[in-house]
Amino acid sequence: MKSHWIKRIVRLLVLLFGVSILCFILTALSSTDPATYLVRRGNLSPTPEVIEQVRAELGLDQPLPIRYLNWIGGVFRGDFGESIFSTNEVAADLAAYFPQTLQLVFLSLAEIIMFSILLGVLCAAKKNKLTDHIMRIVSLFGICVPPFWLGFLLLIGFAVEIPIFSVTPASGIMGLILPSITLSFPVICSTVRVFRASLLEEMHRDYVSFARANGMTVNRILWKKVFRNALPPVITLFCQYVSYLIAGSAVVEKVFSIKGVGNYLMNCIMAADANAIGACMLIIAALYLLAELFGEILNHLLCPWRKEESDAA
């Protein structure tokens, strides 16, 4: 087991290194020139001489390997460079925008955990009954619906037609309810179906037959016997969605005019801001890989015998 976790940590570091290279190359090869963007934003005449001067000031005239080494060296020192979009330090921008996004993501995660567990158990207990069929239709709708369209529907329904919430960004948790629902609803719909399938698979195990023979009710079996063993697939899926929630918050923050890191990332992409884009993508990738590692550790603690079964197979 010790060698297994060492391999997982080494894999995490290698993947982060690969992600950093990929993000930098894709940004560097973008059709949008940061120097041209800066010149036009300053209302200057975009002559070739002016653009080349700005490129030299930004260090964009250097070879790609040198630019990457300068950038990744700054990352190790906690210096992500200066943002072309905001003209501030990228680290300062992230410190200003991340709290709002993290509040949105944490509220969405709480909704996902609560509703996925309750609805998954309900669907498994009511297999092929009316409740299960309704949830199947709702889940299909939630998986297919675009988040920006769902956000606009919620704004029209609960901020315009029924003015419970405000159209403009509001402070506190009230301003995050509609955005969090928009962000969490598709994930809940996916997770409910996976949890239901995992629960029903466990219901065909021998220990469930033994519990039924001892007179235990279906609901008691679900909560006392099956629930824990059915969690690993859901935990794995849930951890994979952590980075999606941060990256997917870009669309939600645009719809609800929230000044978070997702909105900031979209603006930086439009400006071909290599420093900011690389920092955001690197952080998102790191969170994804750490969440995946955390999910594997949690699955091992909950059901250590699953690892032994997979090794034996």
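The values are calculated or read from the model by the stated rules, or taken from the named source; none is laboratory data. Given the structure is predicted, the values throughout are model-derived calculations rather than measurements. Here the Cβ is made from the backbone with ideal geometry for all residues, glycine too, and neighbour counts use every protein chain on show. Side chains are part of the model used for accessible areas, which takes the heavy atoms of the whole protein and leaves out ligands, DNA and RNA. Shrake-Rupley method; radii C 1.70, N 1.55, O 1.52, S 1.80 Å.
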Please state which one of SER209, SER171, SER198 is closer than 29 Å to GLY248 by Cα, over 19 Å from the mean Cα position of the chain (by Cα), open to solvent by 30 Å² or more (accessible area, probe 1.4 Å) and among the polar types (S, T, N, Q).
-> SER171
Among (1) farther than 30 Å from GLY59 by Cα; (2) open to solvent by less than 10 Å² (accessible area, probe 1.4 Å); (3) charged (D, E, K, R), the one test that ARG228 misses = (2)
Options GLY73, GLY120, GLY81; residue that is more than 24 Å from SER249 (Cβ to Cβ) and surrounded by 16 or more Cβ atoms within 10 Å (Cβ to Cβ) = GLY120
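So, in the stretch 251-281, exactly how many residues are touching a Gly at 6+ places or on another chain (Cβ under 7 Å) and β-branched (Val, Ile, Thr)?
2
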Given (1) modelled with pLDDT under 90; (2) more than 20 Å from VAL226 (Cβ to Cβ); (3) assigned to a helix (DSSP H, G or I); (4) not polar (S, T, N, Q), index of the condition ALA170 fails | (3)
The condition of being under 30 Å from PHE76 (Cα atoms) and without any contact (Cβ under 8 Å) to a residue 24 or more places away in the chain holds, among MET216, MET266, MET270, only for MET266
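Among the candidates SER20, SER3, which residue alone is assigned to a helix (DSSP H, G or I), within 31 Å of the chain's Cα centre (by Cα), hydroxyl-bearing (Ser, Thr, Tyr) and surrounded by 13 or more Cβ atoms within 10 Å (Cβ to Cβ)?
Details: SER3 fails: surrounded by 13 or more Cβ atoms within 10 Å (Cβ to Cβ).
Just a single option satisfies the conditions, and that option is SER20.
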Is it the case that the stretch 29-42 has a residue that's in a loop (DSSP other than H, G, I, E, B), of a type outside the set (Ser, Thr, Tyr) and in contact (Cβ under 8 Å) with a residue 24 or more places away in the chain?
-> yes
Give the residue, chosen from THR36, THR101, THR27, that is in contact with a Ser or Thr (Cβ under 7 Å, 6 or more places away or on another chain) and surrounded by 14 or more Cβ atoms within 10 Å (Cβ to Cβ).
-> THR101
Out of curiosity, is ARG55 among the basic types (Lys, Arg) and open to solvent by 90 Å² or more (accessible area, probe 1.4 Å)?
-> no
Give the stretch 248-307 a look and list any residue that's of a type in the set (D, E, K, R) and either in a helix (DSSP H, G or I) or buried (at least 19 other Cβ atoms within 10 Å of the Cβ) (or both), or say none.
-> GLU253, LYS254, ASP273, GLU292, GLU296, ARG306, LYS307
